1. Within the stretch 234-246, does at least one residue satisfy the condition of being farther than 24 Å from Gly158 by Cβ, outside the structural domain of Gly151 (by TED's automatic domain parsing) and without any contact (Cβ under 8 Å) to a residue 60 or more places away in the chain?
2. Does Ile229 satisfy the criteria of being outside any loop (DSSP other than H, G, I, E, B), out of contact with any Cys (no Cβ under 8 Å at 6 or more places or on another chain) and under 15 Å from Gly151 (Cα atoms)?
3. So which residues in the stretch 270-308 are at pLDDT 95 or above and aromatic (Phe, Trp, Tyr), if there are any at all?
4. Given the criteria assigned to a loop (DSSP other than H, G, I, E, B) and free of Cβ contacts under 8 Å to residues at least 40 places away in the same chain, does Glu300 qualify?
5. Checking the structure you have, find out if any residue of the stretch 41-61 is in contact (Cβ under 8 Å) with a residue 40 or more places away in the chain, among the hydroxyl-bearing types (Ser, Thr, Tyr) and under 21 Å from Glu2 (Cα atoms).
6. Go through the stretch 53-79 and give me each residue that's closer than 26 Å to Arg24 by Cβ, among the small types (Gly, Ala, Ser) and modelled with pLDDT under 95.
Amino acid sequence: MERVKCLIAGSGPAGYTAAIYAARANLKPVIYSGMELGGQLTTTTVIENFPGFPEGIDGTLLVENMKSQAERLGVEIRIGSITKCDFSERPFRLQIDNSAEIEADTVIVATGASAKFLGIPGEQKFRGSGVSACATCDGFFYRKRDVAVIGGGDTACGDALYLSSMCNKVHLVVRRDVMRASKVMQERVMSRDNIEVHWLTQPEEILGDENGVTGLKVLDKKSGESNIIPVWGIFEAVGHHPNSEVFSPWLKMDENGYIITENGSPKTNIEGVFAAGDVADVHYKQAITAAAAGCKAAIEADRYLQTL
């Protein structure tokens with residue numbers, strides 16, 4: 001059976017950064033790309049908040065650059081997903097795509113998190129051209145325009161507040177008659193003049209044309225009538241789902257499936273297994289923080305191997 005020093009699960013900023021650092025430490029890392037090659041970053045168009053690109057950079061191109069850099073350093077990148085693992089002893093044993101098995105002295109879990117979407121008509125069609133799950137990533141493109149945020153939790157309120165500082169008007173669409181957000185977040189939203197809260201409002205369809213989103217069709221649950229909110233952009237803040245299920249028999253996770261790490265480090269409850277990026281990040285979910293976590297994970301993996 002093949003045995004590697006460092007196996008990395010995931011091919012987003014966390015995975016590629018971990019691979020780059022691990023390769024420079026002569027760990028000869030192997031990446032298994034996962035189902036979504038490049039991660040969520042590939043669903044973003046122009047990224048303007050990643051340092052080093054004053055004119056911005058396409059999300060897919062940024063990931064491709066990371067991939068090329070990793071390959072130049074000798075990282076082996078393989079298409080495939082971890083479908084089973086055994087962390088009961090070292091070397092750890094992992095199964096790839098329900099068939100081949102591999103042993104690893106260290107494992108870095110960088111499988112990311114997938115944004116939840118509503119599944120309404122028009123949603124997939126306008127992903128990347130008006131529909132987004134990241135206000136911090138894409139809000140800049142809707143300056144001085146009207147937008148909608150869907151959701152009622154802290155994330156939705158935070159997105160609405162963030163967007164209100166640059167957009168003409170923010171429509172916060174809440175499907176219930178109350179918000180799940182903390183009281184302080186609700187108070188901030190309600191005090192912002194250019195945020196309008198639509199209570200008991202169910203999104204039905206995303207409308208648009210060849211240029212992108214033009215509006216959100218919603219059902220007013222109070223009256224039973226449908227109407228259209230004219231907007232240029234729609235931000236869905238209905239949560240994320242960490243891609244951590246396969247590791248759940250071994251790694252400690254919170255109630256939502258995010259891998260729990262030691263405070264300020266990528267260490268998990270199992271020595272030699274590390275978690276980096278959105279799969280362990282409840283708060284930030286940014287490419288830059290994922291990359292930083294990947295760096296930490298590789299450094300810790302190297303330190304761990306040196307103690308054996």
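The values are calculated or read from the model by the stated rules, or taken from the named source; none is laboratory data. These numbers were taken from a predicted model, which means no experiment stands behind them. Reconstructed Cβ throughout: ideal geometry from the backbone, glycine too, with neighbour counts over all protein chains shown.
1. yes
2. Taking the combined requirement at face value, the residue does not satisfy it.
3. Of everything in the stretch 270-308, those that are at pLDDT 95 or above and aromatic (Phe, Trp, Tyr) turn out to be Phe274, Tyr304.
4. no
5. no
6. Just the residues of the stretch 53-79 that are closer than 26 Å to Arg24 by Cβ, to begin with: 53, 57, 59-79.
Those left that are additionally among the small types (Gly, Ala, Ser): 59, 68, 70, 74.
Listed by number, the list holds a single entry, Gly59.
Residue-by-condition table, conditions (1) out of contact with any Ser or Thr (no Cβ under 8 Å at 6 or more places or on another chain); (2) among the charged types (D, E, K, R); (3) assigned to a loop (DSSP other than H, G, I, E, B); (4) more than 24 Å from Phe92 (Cα to Cα):
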| position | (1), (2), (3), (4) |
| --- | --- |
| Met1 | yes, no, yes, no |
| Lys5 | no, yes, no, no |
| Ser11 | no, no, yes, no |
| Ala19 | yes, no, no, no |
| Ala22 | yes, no, no, no |
| Asn26 | yes, no, yes, no |
| Gly34 | no, no, yes, no |
| Thr42 | no, no, no, yes |
| Phe50 | yes, no, yes, yes |
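Per-residue answers, yes or no, for (1) out of contact with any Cys (no Cβ under 8 Å at 6 or more places or on another chain); (2) under 15 Å from Thr17 (Cβ atoms); (3) surrounded by fewer than 17 Cβ atoms within 10 Å (Cβ to Cβ); (4) aliphatic (A, V, I, L, M):
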residue: Gly52; (1), (2), (3), (4): yes, yes, yes, no
residue: Asp58; (1), (2), (3), (4): yes, no, yes, no
residue: Val63; (1), (2), (3), (4): yes, yes, no, yes
residue: Met66; (1), (2), (3), (4): yes, yes, no, yes
residue: Arg72; (1), (2), (3), (4): yes, yes, yes, no
residue: Ile77; (1), (2), (3), (4): yes, yes, no, yes
